């Protein structure tokens, strides 16, 4: 287990992802019933489900973009390394 001094808190992690932080805040507001517009359990359930679907879609979109960038950088690094090896070869 990592020490507390090196691991980020949930608040720090959320701060690095403003859209995610906004969504989580909205979900907490629903749970705490701060919005006041949900008076029945089925309304609250529908609102939470809709928010979670949107959150999931956003997270997967961000995840896909991150993976695509990561793969591009790996390919670029590999290509750069192979070019360097070709240029230094005397063969």
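All of the numbers you see were taken from the coordinates with simple rules; none came from a lab. Since this is a predicted model, take the numbers as computed values, not measurements. Cβ sites come from the backbone with ideal geometry, for glycine too, and all protein chains shown count toward neighbours.
The slack in the chain from residue 9 to residue 67, taken as 0.36 nm per residue of separation less the alpha-carbon distance, amounts to 18.5 nm.
Per-residue packing, averaged as other Cβ atoms within 10 Å, sorts the ranges 60-69, 23-32 into the order 23-32, 60-69, beginning with the highest.
Calculated FRET efficiency, residue 31 to residue 57, Cβ-Cβ distance, R0 = 22 Å: about 0.60 to the nearest 0.05.
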